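Asker: Mind having a look at this structure? Questions to follow.
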Amino acid sequence: MRIYQEADYEAMSRRAANIIAAEVIRRPDCVLGLATGSTPVGAYKQLIEGNRRGDYSFREVRSVNLDEYKGLAPTHDQSYRYFMQTNLFDHIDIKPENTHVPDGLAADPEAECANYDELVRSLGYADLQLLGLGRNGHIGFNEPCDCFVKPTHVVDLTQSTIDANARFFATADDVPRQALTMGIGCIMAARRVLLIVSGEDKADAVYNAFCGPITPQCPASILQLHNDVIVVGDKAALSKLAAAGVSVCE
Ligand code: GLP
């Protein structure tokens, strides 16, 4: 595992975008696993700029997103499909038909999960899977629980996640209680994982994920078993790793 410590959110975003861009340049038809949340927004901005400058193209790139709220339409301004359109896809030259996000409105969510798993498998899994990190250690919407859930599945969101994501909705009551999420299986099958993290409120989650025991109570801790993980964080988010003497690249 390589850990890059950056001074702030801007520098973290730049480093993350460079790693993603390098993948696209090296493998123009790569499969990118993409994430939502506030953390990747800065990296997506950098990728849009690089694409506009003509530094690289997403024309042949395929993308698979981690998750979607159950019950939200793609046009809902808090759906993850909408997030991806407005924060990335609408501004780069990726082909719309090459972008994939689970369907939050699927009549049969279980079947949608099984189909999504099959889709990701048929694409050969992500060459590079981008991940954010929940304050409770979740990745995608894999919440702390008694076992690691491998397939794409419907998940009940924990109160901690509902509270953390309430800032994006009019009220906490508007936050969907369930989501469809890629499971630990597809995430661990990615060739390379890039986890980005920013802010002091994530410092405990980072510490638990990379210095604590491998446990489904901290889903990100499974990444300790992946052989190609890059963590890019700002100083605040990595502060507890540094305090524990974990070596980081600057
Ligand atoms: C959400 C998403 C995750 C994301 C996490 C952190 O619940 N499902 O994929 O990594 O929360 O979000 P943020 O980056 O806004 O802190």
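Asker: Hey, any hits in segment 44-53 for a residue that's modelled with pLDDT of 95 or more, within 13 Å of the ligand (Cβ to nearest atom) and closer than 26 Å to Ala164 by Cβ?
Answerer: yes
Asker: Would you mind stating whether Ala16 is out of contact with any Leu (no Cβ under 6 Å at 6 or more places or on another chain) and either among the charged types (D, E, K, R) or surrounded by 22 or more Cβ atoms within 10 Å (Cβ to Cβ) (or both)?
Answerer: yes
Asker: Here is a list: Asn165, Asn136. Which entry is within 13 Å of the ligand (Cβ to nearest atom), in contact (Cβ under 8 Å) with a residue 60 or more places away in the chain and within 30 Å of Arg2 (Cα to Cα)?
Answerer: Only one candidate passes the filter, namely Asn136.
Results for (1) of a type in the set (Gly, Ala, Ser); (2) open to solvent by 30 Å² or more (accessible area, probe 1.4 Å); (3) on the phi > 0 side of the Ramachandran plot, shown as yes or no for each residue.
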| site | (1), (2), (3) |
| --- | --- |
| Tyr4 | no, yes, no |
| Gly33 | yes, no, no |
| Thr39 | no, no, no |
| Ala43 | yes, no, no |
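Asker: Of all residues in segment 144-179, which are closer than 27 Å to Tyr125 by Cα and either assigned to a helix (DSSP H, G or I) or of a type in the set (Ser, Thr, Tyr) (or both)?
Answerer: Thr152, Thr161
Asker: Any residue at all in segment 170-184 that's among the hydroxyl-bearing types (Ser, Thr, Tyr), modelled with pLDDT of 95 or more and within 13 Å of the ligand (Cβ to nearest atom)?
Answerer: There is at least one residue in segment 170-184 that is among the hydroxyl-bearing types (Ser, Thr, Tyr), modelled with pLDDT of 95 or more and within 13 Å of the ligand (Cβ to nearest atom).
Asker: Could you check, for segment 73-83, whether at least one of its residues is in contact (Cβ under 8 Å) with a residue 24 or more places away in the chain, under 14 Å from the mean Cα position of the chain (by Cα) and within 13 Å of the ligand (Cβ to nearest atom)?
Answerer: Within segment 73-83, one or more residues are in contact (Cβ under 8 Å) with a residue 24 or more places away in the chain, under 14 Å from the mean Cα position of the chain (by Cα) and within 13 Å of the ligand (Cβ to nearest atom).
The values are calculated or read from the model by the stated rules, or taken from the named source; none is laboratory data. Small disclaimer: the values here were computed from a predicted structure and weren't measured. All Cβ positions, even for glycine, are placed from backbone atoms using ideal geometry, and neighbour counts span all protein chains on display. Heads up: the accessible areas ignore ligands, DNA and RNA and are worked out on the full protein's heavy atoms, side chains in. Shrake-Rupley method; radii C 1.70, N 1.55, O 1.52, S 1.80 Å.
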